[in-house]
Amino acid sequence: MSILSKNANDALCLCGSGQNYESCCLAFHTRKTYPETAEQLMRSRYTAYALHLKNYLLETWDISTRPGEFEFDNGLTWKSLIIGRCKKGRLKDQQGWVSFTASYQVGLDRATLQEKSYFIRDGQGHWCYVDGEFNV
Ligand SMILES: [Zn+2]
């Protein structure tokens, strides 16, 4: 986490939870703890995209759909995440769906991505991302 200063940890988490990064997605990113719900994993993966934490994204990607490699678009800045409807994905569930709207900026242009993501539990029982349907 060398890219993050102490101040960055005190700042509001980019996932929009209203909590500090330190008490929100940081613990997931450093693998100190694991998301208990699909929504928490969704939030932490959004934040990982914003912070370019490639390993975290790959590790929380289901083996069946995980890319071997991918690159971040350096010209793209994630601006906000709004979580919509969640189906299952709770403490006792084995799968879950999270709808969200993510806003981003490329140059002077703002755009949004709407997706319904599908999550399951991996071999150790931790939530992982499988795939998503767009514009739902
Ligand atoms: Zn967060």
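The values are calculated or read from the model by the stated rules, or taken from the named source; none is laboratory data. Here the structure is a predicted model, which is why all the values come from computation and not from measurement. Glycine gets a Cβ as well: all are built from the backbone with ideal geometry, and neighbour counts include every protein chain shown.
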ask   = Scanning segment 5-38 for residues that are in contact with a strand residue (DSSP E or B) (Cβ under 6 Å, 6 or more places away or on another chain) and not in a helix (DSSP H, G or I), which turns out farthest from Leu51 (Cα to Cα)?
value = Pro35
request  = Give the residue that is modelled with the highest pLDDT, with candidates limited to residues of segment 1-17 that are among the small types (Gly, Ala, Ser) and more than 9 Å from the ligand (Cβ to nearest atom).
outcome  = Ala11
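Within segment 85-104, work out how many residues are loosely packed, with under 14 Cβ neighbours inside 10 Å and either part of a strand (DSSP E or B) or of a type in the set (Val, Ile, Thr) (or both).
Residues of segment 85-104 that are loosely packed, with under 14 Cβ neighbours inside 10 Å, as a first pass: 85, 90-92, 94, 101.
Now restrict to residues that are either part of a strand (DSSP E or B) or of a type in the set (Val, Ile, Thr) (or both): 85, 101.
Final tally of qualifying residues: 2.
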remark   = (1) surrounded by fewer than 19 Cβ atoms within 10 Å (Cβ to Cβ); (2) closer than 27 Å to Ala8 by Cα all hold for Thr47 apart from (1)
query = Would it be correct to say that Tyr56 is within 21 Å of Gly132 (Cα to Cα), surrounded by 14 or more Cβ atoms within 10 Å (Cβ to Cβ) and within 16 Å of the ligand (Cβ to nearest atom)?
reply = yes
query = So how many residues does segment 51-71 have that are farther than 17 Å from Ile120 by Cβ and among the hydroxyl-bearing types (Ser, Thr, Tyr)?
reply = 1
message = Tally up the residues in segment 25-39 that are near the ligand (Cβ under 9 Å from one of its atoms) and either modelled with pLDDT under 95 or among the aliphatic types (A, V, I, L, M) (or both), please.
response = 1
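Out of all the residues in segment 39-73, which are of a type in the set (Asp, Glu), within 18 Å of Leu113 (Cβ to Cβ) and not in a helix (DSSP H, G or I)?
Glu71, Asp73
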Subset of segment 91-114 (residues that are farther than 21 Å from Ala48 by Cα and charged (D, E, K, R)) = Lys92, Asp93, Asp109
